[in-house]
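Visitor: Structure below; questions to follow.
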Amino acid sequence: MFKRFLFLSISSLLLVSCISTKSTIKNIDNTAARLKVVEDAYQITETADNAKYGLDEDFPVNIGFILEANESKFASYYFNALAGPNGEKLSYRKVDTCCPFPTKNTKVGAGTLSIYEVTWEGQSKPVRMYFNFFERGKIMCPKGLSIKNKTTKTP
């Protein structure tokens, strides 16, 4: 009985200690408007001024609170709106999660960032992008990529 209590106490302590009590995410804006989705792509109109946007865990792409089961759909809306630096088609895949942070938008009081690896033709090294599906922020194109609807014409 005591061993079980001790095990549960230590496990709980370790779990709680892994989650920071203060978020390090610097670009959360819960007043940011959700972008319109047209033909399975967000209507992104701006490129971020901050070179860290989307490429650093402290400046993730904050999509806003969505159900975990819908993550891939909302990630595809984002990537469908973007292209490589010269209009190249992007390929992407989720490779990891990281960086637990406190949030009021889950029952457990914590969320994690999703890490996606992004590639395009002619690229020498994949780019890792960080996504927050629990908090909102302004959704923009990261520096180094381009907005598809501004670089490619639709027939």
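Visitor: Would you call Val118 open to solvent by less than 40 Å² (accessible area, probe 1.4 Å) and touching a residue at least 24 places away in the same chain (Cβ under 8 Å)? Talk me through it step by step, then tell me what you get.
Guide: Working: open to solvent by less than 40 Å² (accessible area, probe 1.4 Å): yes; touching a residue at least 24 places away in the same chain (Cβ under 8 Å): yes.
Spelling it out, Val118 is indeed open to solvent by less than 40 Å² (accessible area, probe 1.4 Å) and touching a residue at least 24 places away in the same chain (Cβ under 8 Å).
Visitor: Taking the condition of being open to solvent by 90 Å² or more (accessible area, probe 1.4 Å), more than 16 Å from Cys141 (Cα to Cα) and touching a strand residue (DSSP E or B) at 6+ places or on another chain (Cβ under 9 Å), how many residues in the stretch 26-40 meet it?
Guide: Residues meeting the conditions: 2.
Visitor: Name the pairs: first residue in the stretch 141-155 and under 19 Å from Phe131 (Cβ atoms) and modelled with pLDDT of 95 or more, second residue buried (at least 19 other Cβ atoms within 10 Å of the Cβ) and not aliphatic (A, V, I, L, M), Cβ to Cβ under 6 Å, at least 6 apart or on different chains?
Guide: Cβ pairs passing all conditions: Pro142/Tyr53; Pro142/Gly54; Ile147/Cys141.
Visitor: Consider only pairs whose beta carbons are under 8 Å apart and that are at least six residues apart or on different chains; among these, list those whose first residue lies in the stretch 55-78 and is open to solvent by 20 Å² or more (accessible area, probe 1.4 Å) and whose second residue is in a helix (DSSP H, G or I) and not hydrophobic (A, V, I, L, M, F, W, C).
Guide: From residues that are open to solvent by 20 Å² or more (accessible area, probe 1.4 Å), there are no pairs.
Visitor: Please verify whether Ser114 is in a strand (DSSP E or B) and among the polar types (S, T, N, Q), treating the condition exactly as stated.
Guide: Answer is yes for this residue.
Visitor: Would you pick out the residues in the stretch 57-105 that are within 21 Å of Lys138 (Cα to Cα), part of a loop (DSSP other than H, G, I, E, B), touching a helix residue (DSSP H, G or I) at 6+ places or on another chain (Cβ under 7 Å) and of a type in the set (Gly, Ala, Ser)?
Guide: Ala81 - this is the single residue of the stretch 57-105 that is within 21 Å of Lys138 (Cα to Cα), part of a loop (DSSP other than H, G, I, E, B), touching a helix residue (DSSP H, G or I) at 6+ places or on another chain (Cβ under 7 Å) and of a type in the set (Gly, Ala, Ser).
The values are calculated or read from the model by the stated rules, or taken from the named source; none is laboratory data. Every value quoted in this text rests on a predicted model; they were computed, and no experiment measured them. Cβ: placed from backbone, ideal geometry, glycine included. Neighbour counts: every protein chain shown. For the accessible areas, the whole protein counts, side chains as well, though only heavy atoms, and no ligand, DNA or RNA atoms are used. Shrake-Rupley method; radii C 1.70, N 1.55, O 1.52, S 1.80 Å.
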